[in-house]
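**Student:** Quick one: the structure is below, and I'll ask about it shortly.
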Amino acid sequence: MSPKLLLLLFLRRWHARIGFTAVVFFLVLALTGLVLNHATDLGLDARYVHAAWLARWYGLAPESPRYAFRSGRHDLIAANGRWLLDGRISGDKFPQPVGLVELPDMLVVASSASLHLYRQDGALIDWLDRGALPGVPVRAIGSGARQLVLRTALGTFASADAVSWRRAPRGPIIWSTPAELSSAERERYTELLEPGISVQQLLRDLHSGRLAGRFGPLVVDVLALFLAVLSLSGAWLFLKPRHRRERR
Amino acid sequence: MIRAAFRSLAVLILALVAAVAARGEVYQEPGAFVAEVFGSTPAPKVLWLTKEIQAQAAEILGHPPAQLRQRYWSEGGKSVWILEETGKEELITAGFVVVDGRIDHARVLVYRESRGQEVRQSSFLKQFRDAKLSQGNRLDRGIDGIVGATLSVRAMERMARLALFFDRVSHG
C-alpha cells in the first residue's frame, strides 16, 4: 500500500473518530453560539435563572433578608439585589432599600441614591437617580402632611410629586423604619429571593467552558483544535481523491 | 496587621472599581446637560403616559415603556428629554433637545456598555440634527450604523424617535 493511501486511510479514520467523539460538544458550541448571537433580541439578558444549586456553583453566597419595610398595606423585603414588593419580585439588580412610604397616589421606595415610584397596583411610575434627587445619599424616607420627605446628606426635603423638591417644613414626619423578620419569615424570603444568573451569562459561560470551572476553557480550547483538525482533514479528504482523478 | 490593612485596602479598591463600573461612563451629568441647554435649570415637567401614549411608545421602542411618567424640561419653545434605553445589555442615557418638532442636538450622557462608545462621537450624533418624525413615527432620514455598535446605534435611534414623539404629545 502506498504511503499516500495509508495517510488517506489514517486521516479518514481519525476524522470520523474525532467527529464522533466531539459531536455533542460541537452541537453545544454551535447552538449556544447561535443563541448568543441573538441573545438581546430574545431578551435573554433580562431573564434570570434562580436556583440555589446554580448560585452555589457560581460561588454566590445567598444573602438572607433580615428585615422588612412596611407602610400601610404594603411591604418590601430585599436581598441579593432583588426586591419583593407586596409579594411580587421587582427586579434583579436593585439597590439595598432604605425605606418604603405609602402616599395617597403612590408608593415610594428609596435607596441611598435612587427613588422608585410605584402605583398602588405595583406598576412603576418613575425611577429617579441621583441627578433627580435633592441630595445624596438618602439616609431616610418618610412622610409628613401627605408629602414625601427625604433626609439626605444635604438636608431634609419634601415633595408632593417627587419632581419638585423644597426644604421640608417643620412638622411631624413618620420615618420608614425596618422591622425585624422572624426566623420562619427569613427562611421563606431567602428562598424567594435567591440570587439569579442571567440566561445570557449562563449561555456565555457554557459556550466558553467557564461554567465547568478553571479547566473548562482549556477543554473548549482542545475542542477548537479538534475543529481545526476536522476542517483540515475534511478538506484533504475531499480534495485529494479529486486531485488524483484529474491527474488520471 | 499589615496584611489585614492591605486586604482592607484591596477590598476598598475593588468596591470602588465595582461602583464605577456599575455607574458606567458618565460623560455629562443629566442635570448639567439641562443647565447647559437652558443656561439654568427650569423646573421639571411631567408627561403622564396614557394608555394611548404607552401603546405608541411601545411601538417605537419595540417593548413597553419602563415607566408611566416621563420628566422633561421645557422653556421658550425648546424641550429637553433625558431618556434611557438598553443597547446590548446595559442602559444608555442620552439627552435630546427638541425645537419646533426637530432635534436640535443629541448627546450621550451615560454609557454603561463595554463596547460601542462610538455613539457618543459628534460625527455620529450630528446625523440626528434637524431630524423630525415622518409617517409611522419614524425619523425622516436614515441613521448610518457603526460597525460593532449596531445595538447602541439602534437604541439611540429609538430614543430620538421617542423624544420627538413625546415632544409632540406634550404640546397636546
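**Student:** Among the residues of region A:218-229, is there at least one that is free of Cβ contacts under 8 Å to residues at least 60 places away in the same chain, away from every other protein chain (no Cβ under 14 Å) and in contact with a Ser or Thr (Cβ under 8 Å, 6 or more places away or on another chain)?
**Tutor:** No - not one qualifying residue is present in region A:218-229.
**Student:** Restricting the search to region A:115-165, which residues are among the polar types (S, T, N, Q), within 14 Å of chain B (Cβ to nearest Cβ) and either on the phi > 0 side of the Ramachandran plot or in contact with a strand residue (DSSP E or B) (Cβ under 6 Å, 6 or more places away or on another chain) (or both)?
**Tutor:** Hit for region A:115-165 is A:Ser159, nothing else.
**Student:** May I ask you to say which residue of B:Ala94, B:Ala57, B:Ala106 is crowded, with 16+ Cβ neighbours inside 10 Å, more than 13 Å from chain A (Cβ to nearest Cβ), farther than 18 Å from A:Trp127 by Cα and of a type in the set (Gly, Ala, Ser)?
**Tutor:** Being crowded, with 16+ Cβ neighbours inside 10 Å, more than 13 Å from chain A (Cβ to nearest Cβ), farther than 18 Å from A:Trp127 by Cα and of a type in the set (Gly, Ala, Ser) holds for just one of B:Ala94, B:Ala57, B:Ala106, which is B:Ala106.
**Student:** Suppose we filter region A:13-65 for residues that are in a loop (DSSP other than H, G, I, E, B) and under 29 Å from A:Gly81 (Cβ atoms); how many remain? Steps first, please.
**Tutor:** Restricting attention to region A:13-65, the residues satisfying the condition of being in a loop (DSSP other than H, G, I, E, B) are A:22, A:38-47, A:51, A:58-65.
Keeping just the survivors that are under 29 Å from A:Gly81 (Cβ atoms) gives A:38-47, A:51, A:58-65.
Qualifying residue count, region A:13-65: 19.
**Student:** Out of the residues in region B:40-64 meeting the condition of being assigned to a loop (DSSP other than H, G, I, E, B) and at pLDDT 95 or above, tell me which one is nearest to B:Ser79 (Cα to Cα).
**Tutor:** My answer is B:Leu49.
**Student:** Let me ask something else. Filtering region B:81-91 down to residues that are of a type outside the set (Val, Ile, Thr) and facing chain A (nearest Cβ under 10 Å), which residue is farthest from A:Gly43 (Cα to Cα)?
**Tutor:** Only one residue fits best here, namely B:Glu84.
**Student:** Out of B:Val108, B:Val98, I need the residue that is under 19 Å from B:Val46 (Cβ atoms) and either part of a strand (DSSP E or B) or not basic (Lys, Arg) (or both). Which one?
**Tutor:** Answer to the selection: B:Val98.
**Student:** Just to check your reading of the model, which residue among A:Leu211, A:Leu192 is surrounded by 14 or more Cβ atoms within 10 Å (Cβ to Cβ), modelled with pLDDT under 95 and farther than 28 Å from A:His38 by Cα?
**Tutor:** Going through A:Leu211, A:Leu192 in turn, just one is surrounded by 14 or more Cβ atoms within 10 Å (Cβ to Cβ), modelled with pLDDT under 95 and farther than 28 Å from A:His38 by Cα: A:Leu192.
**Student:** Which count do you get for residues in region B:122-152 that are assigned to a helix (DSSP H, G or I) and either touching a helix residue (DSSP H, G or I) at 6+ places or on another chain (Cβ under 6 Å) or closer than 24 Å to B:Val46 by Cα (or both)?
**Tutor:** Final tally of qualifying residues: 3.
Let's see how each residue does on (1) among the hydrophobic types (A, V, I, L, M, F, W, C); (2) within 26 Å of A:Arg88 (Cα to Cα); (3) outside the structural domain of A:Trp83 (by TED's automatic domain parsing):
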{"position": "A:Ser112", "(1), (2), (3)": "no, yes, no"}
{"position": "A:His116", "(1), (2), (3)": "no, yes, no"}
{"position": "A:Gly122", "(1), (2), (3)": "no, yes, no"}
{"position": "A:Gly131", "(1), (2), (3)": "no, no, no"}
{"position": "A:Ala145", "(1), (2), (3)": "yes, no, no"}
{"position": "A:Thr156", "(1), (2), (3)": "no, no, no"}
{"position": "A:Ala162", "(1), (2), (3)": "yes, yes, no"}
{"position": "A:Arg167", "(1), (2), (3)": "no, no, no"}
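**Student:** Can I ask one more? Here is a check on your reading of the model: is B:Leu47 within 13 Å of chain A (Cβ to nearest Cβ), touching a Ser or Thr at 6+ places or on another chain (Cβ under 7 Å) and within 12 Å of B:Asp167 (Cα to Cα)?
**Tutor:** yes
**Student:** Quick one: would you say A:Leu203 is of a type in the set (A, V, I, L, M), assigned to a helix (DSSP H, G or I) and within 14 Å of chain B (Cβ to nearest Cβ)?
**Tutor:** On the way: of a type in the set (A, V, I, L, M): yes; assigned to a helix (DSSP H, G or I): yes; within 14 Å of chain B (Cβ to nearest Cβ): yes.
Yes, satisfied.
**Student:** Among the listed residues B:Gly62, B:Gly39, identify the single one that is over 16 Å from B:Ala94 (Cα atoms) and within 10 Å of chain A (Cβ to nearest Cβ). Quick ask: steps written out before the conclusion?
**Tutor:** Working: B:Gly39 fails: within 10 Å of chain A (Cβ to nearest Cβ).
Of the residues listed, the single one that is over 16 Å from B:Ala94 (Cα atoms) and within 10 Å of chain A (Cβ to nearest Cβ) is B:Gly62.
Per-residue answers, yes or no, for (1) touching a Gly at 6+ places or on another chain (Cβ under 7 Å); (2) crowded, with 16+ Cβ neighbours inside 10 Å; (3) within 19 Å of A:Ile174 (Cα to Cα):
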{"site": "A:Pro62", "(1), (2), (3)": "no, no, no"}
{"site": "A:Ala68", "(1), (2), (3)": "no, yes, yes"}
{"site": "A:Ala78", "(1), (2), (3)": "no, yes, no"}
{"site": "A:Gly91", "(1), (2), (3)": "no, no, no"}
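The values are calculated or read from the model by the stated rules, or taken from the named source; none is laboratory data. Computed from a predicted model, the values in this text were never measured in an experiment. Cβ atoms come from the backbone with ideal geometry, glycine included; neighbour counts cover every protein chain shown.
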